[in-house]
Amino acid sequence: MKGFLSLSAARIIAGLLVNLLSSICIVFINKWIYVHYGFPNMTLTLVHFVVTWLGLYICQKMDIFSPKNLPVRRIVWLALSFCGFVAFTNLSLQNNSIGTYQLAKAMTTPVIILIQTTYYKKTFSTKIKLTLVPITLGVMLNSYYDVRFNLLGLVFASLGVLVTSLYQVWVGAKQHELQVNSMQLLYYQAPLSSAFLLGIIPMFEPLSGDGGIFGPWSLPALMTVLFSGVVAFLVNLSIYWIIGNTSAVTYNMFGHFKFCITLTGGYLLFHEPLSLNQALGILCTLAGILSYTHFKLVEQEEGKSRLAQRP
(Lines give C-alpha, C1' and ligand atoms only; values in the text may rest on other atoms or scores of the structure.)
Protein backbone atom coordinates (compact mmCIF):
# COMPACT_ATOMS: atom_id res chain seq x y z
CA MET A 1 0.00 0.00 0.00
CA LYS A 2 2.83 2.34 0.86
CA GLY A 3 4.47 1.73 -2.49
CA PHE A 4 1.17 2.38 -4.31
CA LEU A 5 0.73 5.71 -2.55
CA SER A 6 4.28 6.68 -3.41
CA LEU A 7 3.72 5.80 -7.08
CA SER A 8 0.43 7.74 -7.13
CA ALA A 9 2.06 10.79 -5.56
CA ALA A 10 4.96 10.58 -8.01
CA ARG A 11 2.57 10.52 -10.98
CA ILE A 12 0.70 13.59 -9.72
CA ILE A 13 3.96 15.46 -9.11
CA ALA A 14 5.11 14.48 -12.62
CA GLY A 15 1.84 15.82 -14.05
CA LEU A 16 2.23 19.11 -12.17
CA LEU A 17 5.82 19.50 -13.39
CA VAL A 18 4.83 18.80 -17.01
CA ASN A 19 2.08 21.42 -16.79
CA LEU A 20 4.39 23.93 -15.09
CA LEU A 21 7.14 23.57 -17.69
CA SER A 22 4.85 23.39 -20.73
CA SER A 23 2.62 26.32 -19.69
CA ILE A 24 5.60 28.58 -19.09
CA CYS A 25 7.50 27.34 -22.16
CA ILE A 26 4.59 27.91 -24.57
CA VAL A 27 4.50 31.62 -23.69
CA PHE A 28 8.24 32.13 -24.09
CA ILE A 29 8.53 29.95 -27.22
CA ASN A 30 5.67 31.77 -28.97
CA LYS A 31 7.13 35.13 -28.00
CA TRP A 32 10.51 34.01 -29.35
CA ILE A 33 8.90 32.91 -32.63
CA TYR A 34 7.19 36.29 -33.05
CA VAL A 35 10.25 38.36 -32.09
CA HIS A 36 13.00 36.43 -33.89
CA TYR A 37 11.26 34.70 -36.81
CA GLY A 38 8.12 36.75 -37.49
CA PHE A 39 6.09 33.58 -38.10
CA PRO A 40 2.42 34.39 -38.98
CA ASN A 41 0.04 34.17 -36.03
CA MET A 42 -2.91 32.28 -37.54
CA THR A 43 -0.60 29.75 -39.17
CA LEU A 44 1.10 29.12 -35.84
CA THR A 45 -2.33 28.62 -34.27
CA LEU A 46 -3.19 26.12 -37.03
CA VAL A 47 0.02 24.20 -36.31
CA HIS A 48 -0.97 24.01 -32.63
CA PHE A 49 -4.45 22.69 -33.50
CA VAL A 50 -3.14 20.04 -35.88
CA VAL A 51 -0.44 18.81 -33.49
CA THR A 52 -2.97 18.76 -30.63
CA TRP A 53 -5.37 16.62 -32.67
CA LEU A 54 -2.57 14.25 -33.70
CA GLY A 55 -1.51 13.96 -30.07
CA LEU A 56 -5.08 13.20 -28.99
CA TYR A 57 -5.40 10.64 -31.80
CA ILE A 58 -2.32 8.86 -30.44
CA CYS A 59 -3.74 9.06 -26.91
CA GLN A 60 -7.02 7.43 -27.89
CA LYS A 61 -5.13 4.68 -29.73
CA MET A 62 -3.24 4.09 -26.46
CA ASP A 63 -6.62 3.87 -24.61
CA ILE A 64 -5.90 6.99 -22.52
CA PHE A 65 -9.45 8.11 -23.34
CA SER A 66 -12.35 6.88 -25.47
CA PRO A 67 -13.72 9.21 -28.17
CA LYS A 68 -17.47 9.82 -28.28
CA ASN A 69 -19.42 10.51 -31.45
CA LEU A 70 -20.60 14.12 -31.44
CA PRO A 71 -22.79 15.91 -34.02
CA VAL A 72 -20.68 18.59 -35.70
CA ARG A 73 -23.53 21.12 -35.77
CA ARG A 74 -23.65 21.16 -31.95
CA ILE A 75 -20.00 22.19 -31.56
CA VAL A 76 -19.57 24.59 -34.50
CA TRP A 77 -19.73 27.77 -32.39
CA LEU A 78 -17.49 26.18 -29.78
CA ALA A 79 -14.90 25.38 -32.46
CA LEU A 80 -15.10 28.95 -33.82
CA SER A 81 -14.61 30.41 -30.34
CA PHE A 82 -11.68 28.01 -29.86
CA CYS A 83 -10.07 29.53 -32.98
CA GLY A 84 -10.77 33.03 -31.72
CA PHE A 85 -9.42 32.67 -28.22
CA VAL A 86 -6.15 31.03 -29.29
CA ALA A 87 -5.59 33.45 -32.19
CA PHE A 88 -6.41 36.61 -30.20
CA THR A 89 -4.36 35.59 -27.16
CA ASN A 90 -1.41 34.86 -29.46
CA LEU A 91 -1.88 38.26 -31.12
CA SER A 92 -1.97 39.82 -27.65
CA LEU A 93 1.32 38.09 -26.83
CA GLN A 94 2.77 39.26 -30.15
CA ASN A 95 1.82 42.92 -29.63
CA ASN A 96 2.21 43.31 -25.84
CA SER A 97 4.90 42.73 -23.26
CA ILE A 98 4.66 39.36 -21.50
CA GLY A 99 3.66 41.15 -18.28
CA THR A 100 0.72 42.96 -19.88
CA TYR A 101 -0.27 39.80 -21.81
CA GLN A 102 -0.26 37.69 -18.65
CA LEU A 103 -2.15 40.22 -16.52
CA ALA A 104 -4.75 40.81 -19.24
CA LYS A 105 -5.57 37.09 -19.06
CA ALA A 106 -6.51 37.62 -15.38
CA MET A 107 -9.49 39.67 -16.62
CA THR A 108 -11.04 36.43 -17.88
CA THR A 109 -12.48 35.72 -14.41
CA PRO A 110 -14.41 39.02 -14.10
CA VAL A 111 -15.72 38.70 -17.66
CA ILE A 112 -16.86 35.11 -17.08
CA ILE A 113 -18.73 36.21 -13.97
CA LEU A 114 -20.32 39.08 -15.93
CA ILE A 115 -21.43 36.72 -18.74
CA GLN A 116 -22.82 34.12 -16.34
CA THR A 117 -24.63 36.76 -14.29
CA THR A 118 -26.11 38.58 -17.31
CA TYR A 119 -27.01 35.75 -19.67
CA TYR A 120 -27.19 32.64 -17.49
CA LYS A 121 -28.74 34.30 -14.40
CA LYS A 122 -26.11 32.72 -12.15
CA THR A 123 -25.56 34.37 -8.77
CA PHE A 124 -22.26 35.01 -6.99
CA SER A 125 -21.61 35.98 -3.37
CA THR A 126 -20.58 39.50 -2.43
CA LYS A 127 -17.14 38.23 -1.36
CA ILE A 128 -16.53 36.75 -4.82
CA LYS A 129 -17.63 39.99 -6.51
CA LEU A 130 -15.35 42.09 -4.28
CA THR A 131 -12.28 40.06 -5.36
CA LEU A 132 -12.83 41.42 -8.87
CA VAL A 133 -11.91 44.93 -7.67
CA PRO A 134 -8.19 44.28 -6.97
CA ILE A 135 -7.91 42.07 -10.09
CA THR A 136 -9.26 44.83 -12.34
CA LEU A 137 -7.35 47.59 -10.54
CA GLY A 138 -4.07 45.67 -10.81
CA VAL A 139 -4.50 45.08 -14.55
CA MET A 140 -5.28 48.78 -15.10
CA LEU A 141 -2.24 49.88 -13.07
CA ASN A 142 0.13 47.61 -14.99
CA SER A 143 -1.30 48.61 -18.39
CA TYR A 144 -1.18 52.34 -17.62
CA TYR A 145 2.49 52.27 -16.57
CA ASP A 146 3.67 49.77 -19.21
CA VAL A 147 6.05 51.73 -21.47
CA ARG A 148 5.34 49.30 -24.33
CA PHE A 149 1.57 49.70 -24.01
CA ASN A 150 -0.13 50.29 -27.37
CA LEU A 151 -3.67 50.56 -28.73
CA LEU A 152 -3.41 47.54 -31.06
CA GLY A 153 -2.16 45.37 -28.20
CA LEU A 154 -5.08 46.58 -26.05
CA VAL A 155 -7.59 45.65 -28.78
CA PHE A 156 -6.17 42.14 -29.18
CA ALA A 157 -5.92 41.63 -25.40
CA SER A 158 -9.55 42.73 -24.95
CA LEU A 159 -10.81 40.50 -27.77
CA GLY A 160 -8.74 37.62 -26.38
CA VAL A 161 -10.29 38.02 -22.92
CA LEU A 162 -13.84 38.25 -24.32
CA VAL A 163 -13.58 35.23 -26.64
CA THR A 164 -11.68 33.17 -24.04
CA SER A 165 -14.41 33.89 -21.48
CA LEU A 166 -17.13 32.87 -23.93
CA TYR A 167 -15.20 29.72 -24.82
CA GLN A 168 -14.76 28.67 -21.18
CA VAL A 169 -18.44 29.27 -20.42
CA TRP A 170 -19.50 27.30 -23.50
CA VAL A 171 -17.06 24.45 -22.77
CA GLY A 172 -18.65 23.92 -19.36
CA ALA A 173 -22.14 24.05 -20.86
CA LYS A 174 -21.28 21.68 -23.73
CA GLN A 175 -19.55 19.14 -21.46
CA HIS A 176 -22.71 18.99 -19.36
CA GLU A 177 -25.04 19.00 -22.37
CA LEU A 178 -23.18 16.34 -24.37
CA GLN A 179 -21.91 14.36 -21.35
CA VAL A 180 -18.26 14.38 -22.44
CA ASN A 181 -14.96 15.22 -20.79
CA SER A 182 -12.50 17.85 -21.95
CA MET A 183 -10.35 15.48 -24.02
CA GLN A 184 -13.37 14.00 -25.83
CA LEU A 185 -14.57 17.50 -26.65
CA LEU A 186 -11.13 18.73 -27.72
CA TYR A 187 -10.72 15.65 -29.95
CA TYR A 188 -13.54 16.98 -32.15
CA GLN A 189 -12.88 20.70 -31.65
CA ALA A 190 -9.25 20.64 -32.83
CA PRO A 191 -9.80 19.29 -36.38
CA LEU A 192 -12.94 21.38 -36.87
CA SER A 193 -11.11 24.51 -35.73
CA SER A 194 -8.21 23.59 -38.02
CA ALA A 195 -10.61 23.43 -40.98
CA PHE A 196 -12.02 26.88 -40.14
CA LEU A 197 -8.54 28.39 -39.88
CA LEU A 198 -7.39 26.72 -43.09
CA GLY A 199 -10.24 28.45 -44.89
CA ILE A 200 -9.56 31.97 -43.60
CA ILE A 201 -5.74 32.05 -43.35
CA PRO A 202 -5.31 32.95 -47.08
CA MET A 203 -7.49 36.07 -46.48
CA PHE A 204 -5.22 37.44 -43.75
CA GLU A 205 -1.76 35.92 -44.19
CA PRO A 206 0.42 35.27 -47.26
CA LEU A 207 0.85 31.68 -48.38
CA SER A 208 4.25 32.20 -50.04
CA GLY A 209 7.13 34.67 -49.97
CA ASP A 210 8.45 36.40 -46.87
CA GLY A 211 6.15 35.81 -43.91
CA GLY A 212 4.09 33.13 -45.70
CA ILE A 213 3.60 29.56 -44.51
CA PHE A 214 5.38 28.28 -47.64
CA GLY A 215 7.99 31.01 -47.46
CA PRO A 216 11.76 30.56 -47.16
CA TRP A 217 11.79 29.58 -43.47
CA SER A 218 15.03 28.40 -41.95
CA LEU A 219 15.26 24.93 -40.42
CA PRO A 220 15.62 26.36 -36.85
CA ALA A 221 12.41 28.40 -37.39
CA LEU A 222 10.43 25.37 -38.58
CA MET A 223 11.76 23.18 -35.76
CA THR A 224 10.84 25.84 -33.19
CA VAL A 225 7.30 26.14 -34.60
CA LEU A 226 6.85 22.35 -34.52
CA PHE A 227 8.21 22.24 -30.99
CA SER A 228 5.73 24.92 -29.91
CA GLY A 229 2.92 22.70 -31.27
CA VAL A 230 4.13 19.76 -29.19
CA VAL A 231 4.33 21.98 -26.10
CA ALA A 232 0.79 23.30 -26.76
CA PHE A 233 -0.45 19.71 -26.82
CA LEU A 234 1.34 18.96 -23.53
CA VAL A 235 -0.35 21.99 -21.95
CA ASN A 236 -3.81 20.66 -22.87
CA LEU A 237 -3.00 17.09 -21.87
CA SER A 238 -1.47 18.06 -18.49
CA ILE A 239 -4.47 20.26 -17.62
CA TYR A 240 -6.73 17.22 -18.13
CA TRP A 241 -4.37 15.05 -16.06
CA ILE A 242 -4.17 17.45 -13.11
CA ILE A 243 -7.91 18.13 -12.88
CA GLY A 244 -8.75 14.45 -13.38
CA ASN A 245 -6.32 13.24 -10.70
CA THR A 246 -6.59 16.08 -8.16
CA SER A 247 -9.18 18.85 -8.58
CA ALA A 248 -9.88 22.06 -10.46
CA VAL A 249 -9.02 24.00 -7.29
CA THR A 250 -5.56 22.39 -7.19
CA TYR A 251 -5.02 23.35 -10.81
CA ASN A 252 -6.05 26.97 -10.18
CA MET A 253 -3.85 27.26 -7.10
CA PHE A 254 -0.94 25.82 -9.07
CA GLY A 255 -1.69 28.38 -11.78
CA HIS A 256 -0.76 31.25 -9.44
CA PHE A 257 2.76 29.88 -9.20
CA LYS A 258 3.02 29.77 -13.01
CA PHE A 259 1.62 33.33 -13.14
CA CYS A 260 4.52 34.67 -11.05
CA ILE A 261 7.21 32.67 -12.90
CA THR A 262 5.91 33.75 -16.33
CA LEU A 263 5.94 37.42 -15.37
CA THR A 264 9.43 37.16 -13.91
CA GLY A 265 10.71 35.29 -16.96
CA GLY A 266 9.35 37.96 -19.29
CA TYR A 267 11.37 40.66 -17.56
CA LEU A 268 14.52 38.51 -17.41
CA LEU A 269 14.53 36.87 -20.86
CA PHE A 270 13.12 39.71 -22.96
CA HIS A 271 14.44 42.58 -20.82
CA GLU A 272 10.99 44.09 -20.39
CA PRO A 273 11.04 47.12 -18.04
CA LEU A 274 9.20 46.91 -14.72
CA SER A 275 8.32 50.05 -12.80
CA LEU A 276 7.29 50.20 -9.15
CA ASN A 277 3.71 51.01 -10.17
CA GLN A 278 3.61 47.96 -12.45
CA ALA A 279 4.91 45.78 -9.60
CA LEU A 280 2.12 47.13 -7.38
CA GLY A 281 -0.39 46.31 -10.11
CA ILE A 282 0.92 42.74 -10.34
CA LEU A 283 0.71 42.28 -6.56
CA CYS A 284 -2.80 43.76 -6.54
CA THR A 285 -3.98 41.38 -9.27
CA LEU A 286 -2.34 38.38 -7.60
CA ALA A 287 -4.00 39.26 -4.26
CA GLY A 288 -7.38 39.37 -6.01
CA ILE A 289 -6.83 36.02 -7.74
CA LEU A 290 -5.74 34.34 -4.50
CA SER A 291 -8.75 35.77 -2.65
CA TYR A 292 -11.09 34.60 -5.39
CA THR A 293 -9.68 31.05 -5.23
CA HIS A 294 -9.90 31.01 -1.43
CA PHE A 295 -13.55 32.07 -1.37
CA LYS A 296 -14.45 29.60 -4.15
CA LEU A 297 -12.82 26.80 -2.15
CA VAL A 298 -14.75 27.81 1.00
CA GLU A 299 -18.02 27.89 -0.96
CA GLN A 300 -17.35 24.45 -2.43
CA GLU A 301 -16.64 22.96 1.00
CA GLU A 302 -19.77 24.57 2.44
CA GLY A 303 -21.81 23.17 -0.45
CA LYS A 304 -20.44 19.66 0.17
CA SER A 305 -21.27 19.96 3.89
CA ARG A 306 -24.87 20.98 3.16
CA LEU A 307 -25.29 18.04 0.79
CA ALA A 308 -23.85 15.63 3.37
CA GLN A 309 -26.27 16.89 6.04
CA ARG A 310 -29.36 16.30 3.93
CA PRO A 311 -31.43 13.30 5.07
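The values are calculated or read from the model by the stated rules, or taken from the named source; none is laboratory data. Quick caveat, the model's predicted, so the values are computed rather than measured. Positions of Cβ are backbone-derived with ideal geometry, glycine not excepted, and every protein chain shown enters the neighbour counts.
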_Any hit, region 93-101, residues being small (Gly, Ala, Ser), under 20 Å from PHE49 (Cβ atoms), part of a helix (DSSP H, G or I) and touching a residue at least 24 places away in the same chain (Cβ under 8 Å)_ = no
*Please go through region 102-134 and pick out each residue that is of a type outside the set (S, T, N, Q), at pLDDT below 80, part of a helix (DSSP H, G or I) and under 22 Å from ASN150 (Cβ atoms).*
LEU103, ALA104, LYS105
*asked:* Conditions first: (1) touching a helix residue (DSSP H, G or I) at 6+ places or on another chain (Cβ under 6 Å); (2) surrounded by fewer than 14 Cβ atoms within 10 Å (Cβ to Cβ); (3) of a type outside the set (Phe, Trp, Tyr). GLU177 passes all but one, so which condition is the exception?
replied: (1)
*Which of the residues belonging to region 145-166 are touching a Gly at 6+ places or on another chain (Cβ under 8 Å) and modelled with pLDDT under 85?*
TYR145, ASP146
_Residues satisfying the stated conditions in region 4-37, i.e. at pLDDT 85 or above and small (Gly, Ala, Ser)_ = SER22
_Some residue of region 76-92 being buried (at least 20 other Cβ atoms within 10 Å of the Cβ), farther than 16 Å from LEU162 by Cα and touching a helix residue (DSSP H, G or I) at 6+ places or on another chain (Cβ under 6 Å)_ = no
_The one condition in (1) assigned to a helix (DSSP H, G or I); (2) over 22 Å from GLY99 (Cβ atoms); (3) not aromatic (Phe, Trp, Tyr) that LEU70 fails to fulfil_ = (1)
_Output for region 101-145, where each listed residue is β-branched (Val, Ile, Thr) and more than 25 Å from ASN90 (Cα to Cα)_ = THR117, THR118, THR123, THR126, ILE128, THR131, VAL133
*Would you confirm whether any residue within region 213-224 is out of contact with any Pro (no Cβ under 9 Å at 6 or more places or on another chain), polar (S, T, N, Q) and at pLDDT 80 or above?*
yes
_Tell me yes or no: at least one residue of region 183-204 is within 13 Å of LEU46 (Cβ to Cβ), β-branched (Val, Ile, Thr) and touching a residue at least 60 places away in the same chain (Cβ under 8 Å)._
yes
